[in-house]
Amino acid sequence: GVFYDVVQSFPRVEENVRVDLRVSSHRWRRNSESLKSVDTNRASMGQDSSEPGGFTDLLLEEGHDNTTQIEEDTDHNYYTSRTYGPYDSTSRDLWVNIDQMEKDKVKIHGILSNTHRQAARVNLSFDFPFYGHFLREITVATGGFIYTGEVVHRMLTATQYIAPLMANFDPSVSRNSTVRYFDNGTALVVQWDHVHLQDNYNLGSFTFQATLLNDGRIIFGYKEIPVAVTQISSTNHPVKVGLSDAFVVVHRIQQIPNVRRRTIYEYHRVELQMSKITNLSAVEMIPLPTCLQFTSCGPCVTAQIGFNCSWCSKLQRCSSGFDRHRQDWVDSGCPEESKDKICDKTIDTTETPSYSTTTLLPTTTKFRVLTTTRASTTSQLPTSLPTEDDTKIALHLKDNGASTDDSAAEKKGGTLHTGLIVGILVLVLIVAAAILVTVYMYHHPTSAASLFFIEFIFLLLLLQRRPSRWPAMKFRRGSGHPAYAEVEPVGEKEGFIVSEQC
């Protein structure tokens, strides 16, 4: 695989990563109805914008006409994408001219602009919704993409990315190559400027950008694409254009204590047509409704948005079961609860948003798996080949999802540990009580408890030493002394009195 070094990594980078390429990634399919007209809100404010720091247009070269070349909307279940050709005015509107932005807000990343296969964390000044989840930091990579995962590992190209043009770009081979980004509080623009392919410098420089807006829209803008994207070699680096997201499941390794294996399941991917990526083209991706947006049971279970939304009362969350909170969903028993689809209160259908009604076709759930192993101590680069147990991935699909066997084992183990701790505490209390009683009787030999204990011990000793012809005995408290015992053989007329004082 292709490994990236992450600078300024926080949280720390997970080093031990394994990818199982034999398992294909899962694809959702929506039963497409006639799509409503999509509001093509522009990332660009245009020259007429009255807001400071607004986005400006990119002017086409003379000779280009305004013939509209808009590709049909493509429904990806989570996003609707629309591609604009080089002669459409919208493609100019969607391009952000960073050179005309406020200089103090445009940042050139020095490390990314002078290295190969590096990535760096960038904080956002706003909440960016990605597949229904809100992000406040991302990871920008030199390879023409943005990594969006919370678990930072070295194989960033596998999944959880926003890729306007992922390829083997190396900004260090040219002095003119830079990686710049701009944040105006409502949008983040990341631009790969005059970058060259590391394994084919002579193809020319590429200039393109990705814009992330606070309403969830994602815009890819292309200013300079010297060759067809389909001709870029993927031998040394993946070539991708689109989006991807995944959820993380933590598995416990029984053979190694305090070690957890993180498995990343890619549950959805948007793959755009590379042949449509040309000079001065643009792609706009508009987010579609997801189950995560509902905050109560009624609107959740009655939603008609193309997902099988279910409500989990324990988590107070609406979900289809496939999002970044997948492990919490399974560990809390939400799949079993969601089968009933019954709310505690009367369902209020008036709160349901008026989204287009769609249904979900039956699908076969398959996943692409990315696994990391994490120990309790600081991870280090592997110094030897991984063992067979490290590379094998036990994938059990239940309820169209990942296995919860490890989670169930952890719950069972936790119950056993709790019972053992309670037993130990009870035993300690019994021993402590016995010690306290012994100390008390030692310092108070004439107390009722002490005399009772002495008589009881004396009885045990006497029963142990009596002749076998005495089948039974009776005792009485003598007068004048603290304790006396009278022993009388059964069936005999004469008896005797034990006169020793206890």
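The values are calculated or read from the model by the stated rules, or taken from the named source; none is laboratory data. Quick caveat, the model's predicted, so the values are computed rather than measured. Cβ: placed from backbone, ideal geometry, glycine included. Neighbour counts: every protein chain shown. When the accessible area is computed, the model is the full protein with side chains, heavy atoms only, and any ligands, DNA or RNA have been set aside. Shrake-Rupley method; radii C 1.70, N 1.55, O 1.52, S 1.80 Å.
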Being in contact with a Phe, Trp or Tyr (Cβ under 6 Å, 6 or more places away or on another chain), modelled with pLDDT of 95 or more and buried (at least 18 other Cβ atoms within 10 Å of the Cβ): is that true of residue 188 here?
no
Just one listed residue, out of 196, 268, is more than 21 Å from residue 147 (Cβ to Cβ) and crowded, with 19+ Cβ neighbours inside 10 Å, and it is 196
Being assigned to a loop (DSSP other than H, G, I, E, B) and modelled with pLDDT of 90 or more is the filter; apply it to the range 69-108 and report the residue that is most open to solvent (accessible area, probe 1.4 Å).
87
Looking at the range 174-185, which of the residues that are among the polar types (S, T, N, Q) and in a loop (DSSP other than H, G, I, E, B) is surrounded by the fewest Cβ atoms within 10 Å (Cβ to Cβ)?
176
